[in-house]
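The values are calculated or read from the model by the stated rules, or taken from the named source; none is laboratory data. What you see is a predicted model, and the numbers here were worked out from it, not measured in a lab. Cβ: placed from backbone, ideal geometry, glycine included. Neighbour counts: every protein chain shown.
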Amino acid sequence: MLFSFNTGEVFKIALRLEEQGIRFYEAAAARPFSSEIRELFQTLARAEKGHQAFITDLLTRVPPAGPTVWDPDNELDQYLKMMADQHVFSRGQAELDRQIESLTDFSQAVILAMSFEKDSIVFFLELMNAADNNESREQMKKLVDAERGHLRRLARLLAGLK
């Protein structure tokens, strides 16, 4: 038995997460940090916009409708939705605004950004594993690798602050 979940729906969730990441990075860039720090967050916002374009392109290659995954107990669908809902920036704009307003220093902003990147990596890895074809898996791997690059950059930055 197949359920109504398909790769296109997953990519739409991924687009929503990227949009929330863009909002966070742009808001963090507007905080009264040094110009170097603001530039880092502006760079990360631009990278997330690039991810949005990448995912949008992937979405155009996905069949428009129809289930694509065998999951008789609907567990994968529930799991992926739970993963998206638990993502650090999936709790709505009010929560995102609260998190940004609560930042008192740069290291807090970097730690929150690292949390976003980690959540994104885990989520995209799960999407990659659920993909129904090799091309989708390869494309998602590129996205995971880009998110890992962001995480490494943020970790080096945080280490330099300590």
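Regarding Met114, is this residue in a helix (DSSP H, G or I), modelled with pLDDT under 75 and under 12 Å from the mean Cα position of the chain (by Cα)? Criteria not met by Met114. Taking the numbered list (1) modelled with pLDDT of 70 or more; (2) within 16 Å of the chain's Cα centre (by Cα); (3) surrounded by fewer than 19 Cβ atoms within 10 Å (Cβ to Cβ) in turn, Leu154 passes all entries but (3). Please verify whether the stretch 78-88 includes one or more residues that are at pLDDT below 85, in a helix (DSSP H, G or I) and under 18 Å from Ala29 (Cα atoms). No, every residue in the stretch 78-88 fails to be at pLDDT below 85, in a helix (DSSP H, G or I) and under 18 Å from Ala29 (Cα atoms).
Answer yes or no as to whether Phe106 is closer than 17 Å to Glu19 by Cβ, crowded, with 18+ Cβ neighbours inside 10 Å and aromatic (Phe, Trp, Tyr). For Phe106, the condition - closer than 17 Å to Glu19 by Cβ, crowded, with 18+ Cβ neighbours inside 10 Å and aromatic (Phe, Trp, Tyr) - is not met.
When the residues of the stretch 1-36 are filtered to those that are at pLDDT below 80, of a type in the set (A, V, I, L, M, F, W, C) and in a helix (DSSP H, G or I), the one that is surrounded by the fewest Cβ atoms within 10 Å (Cβ to Cβ) is Ile13.
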